[in-house]
Structures are given as structure tokens and as C-alpha cells.
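Data first, discussion second: the structure below is written as C-alpha cells.
The values are calculated or read from the model by the stated rules, or taken from the named source; none is laboratory data. Here the structure is a predicted model, which is why all the values come from computation and not from measurement. Ideal geometry is used to build each Cβ from the backbone, glycine not excepted, and the neighbour counts take in all protein chains shown. The protein model used for the area step is the full one, side chains on, heavy atoms only, and it has no ligands, DNA or RNA in it. Shrake-Rupley method; radii C 1.70, N 1.55, O 1.52, S 1.80 Å.
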Amino acid sequence: MSSRATTQNLQVLDVTSSQHEEAAEVERRLDKVDLKNLKIRIESTSGEEIVIPSELGKLLQQILRMAASGQSISISQITQDLTSVEAAKMLGMSRPTLLKLASQGEIEFHKVGSHSRFARKDIRAFQEKRLKDRRRAFDELREFEDSLDLNET
């Protein structure tokens, strides 16, 4: 996704040499583990333990890999509201098509003055729904094709 997003709270983390070495060691060990079965746990010195959910674990793995490279890491928050141009670009469609879908109730949006804004989560939900609909339509087409019992010879 190459759309430009407004960032807030940009933080640059300088990776120290010891953090780089530790992250590189963890990365080497991660390469030897089946990541599908990986559980990340945080344990306090008093023995309290927290198991990190798998999706958050994937994010932590990415950060560890970046730290293992030894370069600085920048982390920022991006705004949750998208302009119609940003949302259309994210969906791979024209702005007029997006606005038409929004006016038909296919995509949630809200107004800021006279401008349409789209929540990032609503755009992702629309993407997922569209993908499910396409897969269902393809499956129906395959079933229909199978019901015709056309033998290719």
C-alpha cells in the first residue's frame, strides 16, 4: 500500500549494539522454530506470566528482525480517518466509484464539513467482504460448471 498517511507521534528507536546482538541471537533461534506453533511469553521476576496473542507475536517478530539489522527503527501512529483519495487508493478504485459505493451504503463514511472521511477499519472490512463475495461467486461458478457435466475431450 503506497498511500500517504498522516503520522502522529513519530518515534525513532536507536538500536544499541547489545540490543542488535541480542535481537540477532533471537532471530537465529526463531529461524529454527516452526513459527505456526510459536508462543511468546513474558515473565516477570516474581513469576507472573503473560502469553502474547499470535497476531501481536508476529508484530514483535518483525520488530526483532528490524533490530537484528542493527539500524534505527522508526515507529509512528497513523490517523484512522482517510480522505476519499486515500481510501480509493487503498481499495484500488477511482474516487468517484468509492463515493458512489459510499452513497449507496456499501462503505461506511462520515462527513467532516463537506468532505467525506472513511475509517481505516471500515475500508479493511469492505476489502474483506469484497474478497469473500468474490470467492463465493467463484465457488458458485465452479459448482455450476460442474453441474453442466461437460467432459473435455
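General remarks:
- Sequence-separation-based contact order of the stretch 85-140, relative, with Cα cut under 8 Å and 6+ spacing, percent: 25
- When the helices of the chain are scored as -39500 (n - 2.57) per DSSP H run of n ≥ 4 and the total is divided over every residue, the value at 222 nm lands at -16000 deg cm²/dmol.
- For residue 38 and residue 136, the FRET efficiency from 1/(1 + (r/R0)^6), where r spans their Cβ atoms and R0 equals 25 Å, is about 0.20.
- Here's the picture: charge each Lys and Arg Cβ at +1 and each Asp and Glu Cβ at -1 in the stretch 1-113, and of 91, 70, 30 the one pushed furthest to the positive end of that dipole is 91.
- For residue 65, net neighbour charge (Lys/Arg +1, Asp/Glu -1) across residues whose Cβ lies under 15 Å away: -1
- Amide H contacts of residue 107 (H built 1.01 Å from N, under 5 Å, at least 5 apart or other chain): 102
- Taking every alpha-carbon pair under 8 Å whose residues sit at least 6 apart, the chain reaches a relative contact order of 25 percent.
- Note on the chain: with neighbouring protein chains present and a 1.4 Å probe, carbon and sulfur make up 50 percent of its accessible heavy-atom surface.
- Heavy-atom surface of the chain, accessible at 1.4 Å and reported per residue (Å²): 79
- Separation of the stretch 22-67 from the stretch 90-109 is 39 Å, based on Cα centroids.
- Dividing the radius of gyration of the alpha carbons in the chain by their Kirkwood radius gives 1.13 for Rg/Rh.
- When peptides 86-94, 126-134 are ranked by their average number of other Cβ atoms within 10 Å per residue, the highest-first order is 86-94, 126-134.
- Given their separation in residues at 0.36 nm each and the Cα-Cα distance between them, residue 120 and residue 143 gain 4.8 nm when the chain is fully extended.
- Under the span-like rule (Cα at least 20 Å along the axis, Kyte-Doolittle mean at least -0.5), DSSP H helices of the chain: 54-68
- Cα-projected label distance for residue 55 with residue 71, points at 7 Å along beta-carbon direction, nm: 2.8
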